[in-house]
1. So, in the range 322-340, of the ones that are touching a Lys or Arg at 6+ places or on another chain (Cβ under 9 Å) and open to solvent by less than 70 Å² (accessible area, probe 1.4 Å), which residue ends up nearest to Glu8 (Cα to Cα)?
2. Does Asp323 satisfy being over 22 Å from the mean Cα position of the chain (by Cα), modelled with pLDDT under 95 and not assigned by the TED database to the domain that holds Trp25?
3. Going by the conditions given, is Glu34 crowded, with 16+ Cβ neighbours inside 10 Å and not in a loop (DSSP other than H, G, I, E, B)?
4. Might you let me know whether the range 106-125 holds any residue that is closer than 21 Å to Ala208 by Cα, at pLDDT 80 or above and open to solvent by 40 Å² or more (accessible area, probe 1.4 Å)?
5. Quick check on His276: is it out of contact with any strand residue (DSSP E or B) (no Cβ under 7 Å at 6 or more places or on another chain) and of a type outside the set (Lys, Arg)?
6. If we keep just the residues of the range 66-85 that are open to solvent by 40 Å² or more (accessible area, probe 1.4 Å) and part of a loop (DSSP other than H, G, I, E, B), which is nearest to Pro280 (Cα to Cα)?
7. Within the range 155-177, work out how many residues are more than 19 Å from Glu142 (Cα to Cα), open to solvent by less than 70 Å² (accessible area, probe 1.4 Å) and in a helix (DSSP H, G or I).
8. List the number of the failed condition for Ile267; all other conditions in (1) in contact (Cβ under 8 Å) with a residue 24 or more places away in the chain; (2) open to solvent by less than 20 Å² (accessible area, probe 1.4 Å) hold.
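The values are calculated or read from the model by the stated rules, or taken from the named source; none is laboratory data. Since we're looking at a predicted model, the values are computed, not measured. Cβ placement follows ideal geometry from the backbone for every residue including glycine, while neighbour counts extend to all protein chains displayed. Ligands, DNA and RNA are stripped out before the accessible areas are found, and what is left, the full protein with its side chains, is counted by its heavy atoms. Shrake-Rupley method; radii C 1.70, N 1.55, O 1.52, S 1.80 Å.
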Amino acid sequence: MEPKQIKEGYLVKKGTVLNSWKVVWVMLSEDGMEFFKRKTDNAPKGMIPLKGAVLTSPCQDFSKRTFVFKLRTAKNQDHYFQASHLEERESWVKDIKRVITCLQGDRKFTRKSTRRSIRLPDTINLSELYILMRDQEDGVKELKLEKEKRVYNHCFTGGTVVDWLISKDKARNRPEALMLATGLLNEGFLQPAGDLSKEASEGGAESAVLDDPNALYYFADSGFFCEGYSSDEDVILKEEFRGNIIKQGCLLKQGHRRKNWNVRKFILRDDPAYIHYYDPTKGDENPLGSIHLRGSVITAVEFVPEAKRYDVDGNLFEIITSDDTHYFLQATTPEERKEWIKAIHTVSKTGK
């Protein structure tokens, strides 16, 4: 009997020979993970057996990469994967851990909530705490702060996190609040911004978060970016990134010149209305390009003119901008296509 397929999608994988990072299509089943060079390939590029495997998440072996997790097989072979955003990594980690647990107990896979590895009281749910912290009205306020001739956007201090946790009765005192904040940092919900906070997070101290007005942090899924003092033109360009993130994830995109298709990470922001796309294999935060969505038309399509390199079929949609530029994209499922079209359509009507 064929193993039951549990989950599939795009992830970035570190090569075992050349150490380069490349996008792969991953399929998780009841006994292992198969990864393919392209979604349309019939034969996998490799297979990772999960019986006896150990999963580490978050994996902080790579300072310039976020949302990484590591799989070590029973034969001590390490495989590194990177998700495009926090929720995606948590979803993969949760299902992979469950598969490993079921294999150890010779049981069938069933989805079930599991406790994360961080050592905190059972009453603490870091995911729920993170959602509360992100609340626009009652959460931790994101600010524009200047430190050492650099401007940090959408960030806050370690002291602000500690004050918020105490004020909301999530911690009784500052040491307890620092323990919670460190848990959020270790799980990837918070990220260090600036040299001081980065040194603390990598230093191995009991508290990786500093209760210090000069230690800056940001939410993993925020619109954070850092800039030096710059010209007026640069400031105008940075305005594209100031909107709230509405949706993000990997899609196939057709290139404008060569008409070939590549997996890109997309981040949709609401005001101003922009969608930026990135090379998901790179560790930096510089986009390959952006699409101004104000006044755009977004529709589902059944085929793409001049499609080359390899065929794309199904789950296609098109963005036509106000200056009549056409972008063709492909989602992985009909549901995902519907979600992207709805989100982009809303932003195009409401954002600037």
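1. Initially, the range 322-340 is screened for residues touching a Lys or Arg at 6+ places or on another chain (Cβ under 9 Å), giving 322, 327-332, 339-340.
So of that shortlist, the ones also open to solvent by less than 70 Å² (accessible area, probe 1.4 Å) come out as 327-332, 340.
Values: Tyr327: 25, Phe328: 22, Leu329: 19, Gln330: 15, Ala331: 13, Thr332: 9, Trp340: 18 Å.
The residue in question is Thr332.
2. Values: over 22 Å from the mean Cα position of the chain (by Cα): yes; modelled with pLDDT under 95: yes; not assigned by the TED database to the domain that holds Trp25: yes.
Taking the combined requirement at face value, the residue satisfies it.
3. Against the criterion (crowded, with 16+ Cβ neighbours inside 10 Å and not in a loop (DSSP other than H, G, I, E, B)), Glu34 qualifies.
4. Yes: the range 106-125 contains one or more residues that are closer than 21 Å to Ala208 by Cα, at pLDDT 80 or above and open to solvent by 40 Å² or more (accessible area, probe 1.4 Å).
5. It is false that His276 is out of contact with any strand residue (DSSP E or B) (no Cβ under 7 Å at 6 or more places or on another chain) and of a type outside the set (Lys, Arg).
6. Thr66
7. Counting residues in the range 155-177 that are more than 19 Å from Glu142 (Cα to Cα), open to solvent by less than 70 Å² (accessible area, probe 1.4 Å) and in a helix (DSSP H, G or I) gives 1.
8. (1)
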